[in-house]
1. Starting from the Cα of residue 156, step 7 Å along the direction of its Cβ; do the same at residue 93; then give the gap between the two resulting points in nm.
2. Which whole number in µm²/s is D for the stretch 61-107 by Stokes-Einstein, with the Kirkwood Rh taken over Cα pairs at 4 °C and 1.567 mPa s?
3. Using only Cα atoms, locate the centre of the stretch 144-164 and the centre of the stretch 267-302, then give the distance between them in Å, rounded to an integer.
4. Rank these for me by crowding, 242, 167, going from fewest to most other beta carbons within 10 Å.
5. Take 208, 129, 77 and order them by how many other Cβ atoms sit within 10 Å, fewest up front.
6. Can you put 198, 148, 284 in order of Cβ neighbours within 10 angstrom, beginning with the fewest?
7. Relative contact order for the stretch 97-313: what is it in percent, counting Cα pairs under 8 Å that are at least 6 residues apart?
């Protein structure tokens, strides 16, 4: 229904609106514009300028702290013996430290001993860890839980307190000064941790792959070898790298179980350069640089699998 607005005439001759009619709503004035630029609300996880500068400064400082020791080791290896403890960079570049290490010591013998121990330890460590992790991940058998607890408990003891009992055991088995004794010792260190890690990695591989292998007529080992291992390359890379580092860089067992310069590994041989009787820091730094080269090569080969293998093995356990 259309409404019409009526007015009444007052005694003064002016017209006033009828109070029964609806008056138009008064207009609301617009709020005054804020002076200057409006403040932007920072999103969640977004850093401010000062926080960003502090973060990058901290990362740069951490990088310098991490890189400086190997850098100074490399610099010192090219200094003459008279300038070993100087803070200046190389003034008189020389290779006499490397020449002395390679030609006047048992370094090449130590290198060969280490290669034998490392290769055998890595191969056996990867195989034993992979088979143990797969068996615990896929099968249920008597003693499985005690086995897993045993693998876990062995990681609780520091290496130092195991030197004496292992030394006595190796002496009874006549394995002192034998690479086999050192290999067995390193396997006791690497296998428990790697088996736990491989078990967690195999848990992430679907069981349906095993079932398809059995349907095709494969036995359990054939399924493991032909179907599961190709999918476990990242985990195997981490296991191999850990076994390699354990055998390549370990010092305590190598020094206790191996005596005589011709029987030492690289880790034990380094101690012959700097001890209570000799302080040949130039030769030690040169030998350390040479030792670091194979480790860097192995890390460069395995590094693209390391992150994937570690994260995959941490999903389930």
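1. 5.6 nm
2. So the translational diffusion coefficient is about 109 µm²/s.
3. Result: 30 Å between the Cα centres.
4. So the ranking, lowest neighbour count to highest, is 167, 242.
5. The order, fewest Cβ neighbours first, is 208, 77, 129.
6. The fewest-first ordering by Cβ neighbours comes to 148, 284, 198.
7. The normalised contact order for the stretch 97-313 reaches 35 percent.
Where a number appears in this text, it was derived from the coordinates with a stated rule and is not lab data. What you see is a predicted model, and the numbers here were worked out from it, not measured in a lab. Cβ coordinates were reconstructed from backbone atoms using ideal geometry, including for glycine residues, and neighbour counts include every protein chain displayed.
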